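Trainee: Questions regarding the structure given below will be posed in turn.
The values are calculated or read from the model by the stated rules, or taken from the named source; none is laboratory data. On a predicted model such as this, the values are computed, not experimentally measured, just so you know. Please note: Cβ atoms are built from the backbone with ideal geometry, for glycine as well, and neighbour counts cover all protein chains shown.
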Amino acid sequence: MVSKTVVRYVISSIFLFIFQVVYHQFSHGVVSPALRYVSIVPIVGLIIWIIVVNVTHLKLPFLYHAGIVILINGFILQGVLEIAGSDSPYIVFYFIVSFLWIIVAFASILVKKTPERRNV
Amino acid sequence: MKRWFKKKMAIVSIFSLLLISADSYVLLKAFVLPQAETVIASNQIASESTTTNETIETTEPVITETSYTDENIQLTIDEQVVNNTKVYVVDIQVSDPSYLKTALAQNTYGRNIKEATSTIAEENKAILAINGDFYGFRSSGYVLRNGNLYRESGVDGQEDLVIDENGDLSIIDEGEISAQELLDSGVQQVLSFGPALIENSEIVVDTATEVGQSMSSNPRTAIGQISENHYVLVVSDGRTDESEGLSLYQLAEVFQQAGATTAYNLDGGGSTTLYFNGQVINTPVGGQGSSERSVSDIVYFGYE
């Protein structure tokens, strides 16, 4: 049986792909690589999640999924700003926070003594 | 189980709320909230030019729908059709480079401080004006206007248009010279958008070159120089049923045909506006209703 996490990640990726296609239709030909390829992020996130689950038999905590959401959010904002011809000094913080949360999520499963059984 | 679910929902809700708040803040700072800033440094040439301008008195100009003539400024607007696009080619000759000026929206430097090109032009009694580089939409790129340095954060590889104290146009790379060095050398204006279209009378963009790596035809605004105190502005419509728009290469070809030795692309798309003698001449596609987008700055010819 496919887990809820897999379904959520795959649906997110499909939604992001459709979103970027529609958004680029109205961008007057301006292309943002950040937005164009944002749908890859949940797929990569899912692959990492599956590897971790299969190798360690531990579930990554909410912090990991939140980090992926922040990363996707950062890419979407960067894409919107790029297409508008603008920028923001704050976008980098999305990437920093996202990576920090993901690292903390990995660290948290390393220090766990017993594996969790429930699916996050 | 119920308690755990409630706790999880609370965490997800707080996380979502924080994320939405952060997004709102970033977007508001980028697009809405005005942030006025001050001059970093200034050079003396600007104030000398201003003093000179104030003493000039002109005779009554001869103005038609497509031309303006007085003893200091002569301009003609030639309407052409290029690539199914209405293109306005403005040929301008001035007796002194100080008649080529720039102005800021609300006479204030800062992000999200905007006015329509026609409004800024009217406030400065411009004879003819075009939109500038919309510096306030970005957080980097030199901003040097009328001898005042406002922003010195540059990006390596970013081509800027420099207008020196003699009114001559040239192209620089922000990675190769600092804004302070430009100011110290007497430069009056630096516009940071690009790319350069013509250098040494040669087209320097190819058919694949585009703003934002796109390949679209769009409304365009650009400025070039033919010879000493002799300029050419090109404004093209686009994104309408009547006008397809120009690629950067097609825009460069228009400049080459006009005899430009240097030409530079300014902010285009919805910002593209050509103002002459109290009226907007082109068909802007930038806003709602009047369709004229509010921008940060203009380039204009005038006495004030």
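Trainee: Among the residues of the stretch A:55-62, is any touching a residue at least 12 places away in the same chain (Cβ under 8 Å) and within 13 Å of chain B (Cβ to nearest Cβ)?
Mentor: yes
Trainee: Oh, and also: Need a quick list: strands (runs of 3 or more DSSP E) entirely within the stretch B:206-286 having at least 3 residues that are in contact with an Asp or Glu (Cβ under 8 Å, 6 or more places away or on another chain) and within 26 Å of A:Ser27 (Cβ to Cβ).
Mentor: Fully inside the stretch B:206-286 and qualifying: nothing.
Trainee: Sort through A:Ser88, A:Ser13 and tell me the only one that's of a type in the set (Ser, Thr, Tyr) and assigned to a helix (DSSP H, G or I).
Mentor: The conditions single out A:Ser13.
Trainee: Sticking with this one: For the stretch B:68-151, list the strands (runs of 3 or more DSSP E) that sit wholly inside it and hold at least 1 residues that are of a type in the set (A, V, I, L, M) and at pLDDT below 95; which are they?
Mentor: B:73-82
Trainee: Can you list residue pairs whose Cβ atoms sit under 8 Å apart, with the first residue in the stretch B:232-244 being more than 22 Å from B:Tyr264 (Cβ to Cβ) and the second being β-branched (Val, Ile, Thr) and in a loop (DSSP other than H, G, I, E, B)? Count only pairs 6 or more apart in sequence or on different chains.
Mentor: B:Thr240/B:Thr283; B:Thr240/B:Val285; B:Glu242/B:Thr283
Trainee: Could you go through the stretch B:42-63 and let me know if any residue there is modelled with pLDDT under 95, within 28 Å of B:Gly110 (Cβ to Cβ) and in a loop (DSSP other than H, G, I, E, B).
Mentor: Yes: one or more hits.
Trainee: Name the residues in the stretch A:55-82 that are at pLDDT below 90 and in a helix (DSSP H, G or I), would you?
Mentor: Hits for the stretch A:55-82 are A:Val55, A:Thr56.
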